[in-house]
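Asks: Before I ask anything, here is the structure I am working with.
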Amino acid sequence: MTRLWIMVVLGVLSLAGGHATNGLAEETQAGNSWLDTPVEDDGPPGSMIYVPEGEFLMGDNDGSRNERPEHLVFLDAYMIDRYEVTMAEYQKLLDEDYSIEPPPLWDDGAALGELGNRPAVGITWTYANKYCQWAGKRLPTEAEWEKAARGTDGRRYPWGHMQPFVDIANYNQGTTGWVSYKLTLSPVNSGTRGMSIRHGLKEGGKSAFGLYHMAGNASEWVNDWYDRFYYEEGPKNNPKGPAEGEFKVLRGGSWEDQPVNLRVTARSKGEVDYQDLTTGFRCAKDATKEEGKSEKSPG
């Protein structure tokens with residue numbers, strides 16, 4: 001029996017005994033199928049969204065000190081993954097490069113089977129960067145990530161200004177000390193069915209540009225070094241973060257976080273070898289005008 005299924009069994013026993021602290025345990029038992037069933041799929045894992053060049057508002061004057069000041073940023077056009085990198089996608093790199101140690105609780109068979117559409121978590125920045133390069137892409141800059149999540153209308157969450165609900169984002173599951181890839185994580189292409197009826201959201205939990213799980217599920221590495229005061233001195237055009245630093249930036253919040261950390265402007269950090277079962281990533285790449293003409297942009 002793999003370590004993954006051992007942890008699942010322990011978690012199920014804990015739920016049965018009434019001692020679980022998983023914040024979504026009751027909802028999962030009640031059958032919130034959106035957590036397990038991909039719906040309204042816009043494309044396969046690895047598919048990308050075209051984000052056109054232009055300005056957007058970055059930061060939040062009402063947010064934490066490291067989110068200030070609000071400022072206009074201009075970005076060249078780029079492509080960014082529609083979904084978080086999945087277990088199945090990351091397994092392909094593991095199968096090719098045996099020097100890479102699998103993340104905690106990783107199960108090769110499950111990654112290629114029923115759990116393949118869950119986000120790959122427990123990935124360090126170093127290996128996230130390695131995967132994107134291996135796939136012919138790169139990690140997005142912090143500004144690229146925020147524009148893809150926020151759009152150009154200054155929204156607070158990827159879907160708008162409304163506070164999250166459990167069927168819009170996967171969050172607030174508590175710090176239980178264990179994670180089940182099946183029960184704790186949502187498929188990367190899940191979570192849009194019924195949103196327009198229940199919450200008045202035409203695109204469910206998707207971002208302005210049509211990206212999934214930009215809030216919750218897995219927090220996501222970006223390429224930039226972290227600097228608390230970078231917004232005060234960074235360039236307006238295509239900012240790429242400080243030239244060096246001690247930490248890399250994490251964005252989007254995770255299955256464990258409170259709503260405040262799911263805001264599109266919220267910033268956190270980790271060392272390049274920081275490894276936690278809340279952290280995943282998605283990739284980006286530069287875009288050409290030809291790609292812009294051929295790609296349909298939901299934004």
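Asks: Give me the residue from segment 202-249 that is surrounded by fewer than 20 Cβ atoms within 10 Å (Cβ to Cβ) and of a type in the set (A, V, I, L, M, F, W, C) and, out of that set, farthest from C283 (Cα to Cα).
Replies: Among them, the one singled out is F229.
Asks: Sort through E144, E96, E114, E84 and tell me the only one that's in contact with a helix residue (DSSP H, G or I) (Cβ under 9 Å, 6 or more places away or on another chain) and among the acidic types (D, E).
Replies: Only one candidate qualifies: E96.
Asks: Then there's this: Among the residues of segment 83-102 satisfying the criterion of being in a loop (DSSP other than H, G, I, E, B) and among the hydrophobic types (A, V, I, L, M, F, W, C), which is farthest from the chain's Cα centre (by Cα)?
Replies: Filtering segment 83-102 for residues that are in a loop (DSSP other than H, G, I, E, B) and among the hydrophobic types (A, V, I, L, M, F, W, C), the one farthest from the chain's Cα centre (by Cα) comes out as I100.
Asks: Tell me which residues, restricted to segment 181-208, are at pLDDT below 85 and either of a type in the set (A, V, I, L, M, F, W, C) or under 19 Å from the mean Cα position of the chain (by Cα) (or both).
Replies: Residues satisfying the conditions are G191, T192, M195, I197, L201, E203, G204.
Asks: So, one more: Which of the residues that make up segment 50-82 are buried (at least 17 other Cβ atoms within 10 Å of the Cβ) and part of a strand (DSSP E or B)?
Replies: Y50, V51, F56, L57, M58, V73, L75, Y78, M79, I80, D81
Asks: If we keep just the residues of segment 103-125 that are touching a residue at least 40 places away in the same chain (Cβ under 8 Å) and not in a loop (DSSP other than H, G, I, E, B), which is farthest from H213 (Cα to Cα)?
Replies: Of everything passing the filter in segment 103-125, G109 is farthest from H213 (Cα to Cα).
The values are calculated or read from the model by the stated rules, or taken from the named source; none is laboratory data. Predicted model only: the values in this text are computed from it and were never measured. Please note: Cβ atoms are built from the backbone with ideal geometry, for glycine as well, and neighbour counts cover all protein chains shown.
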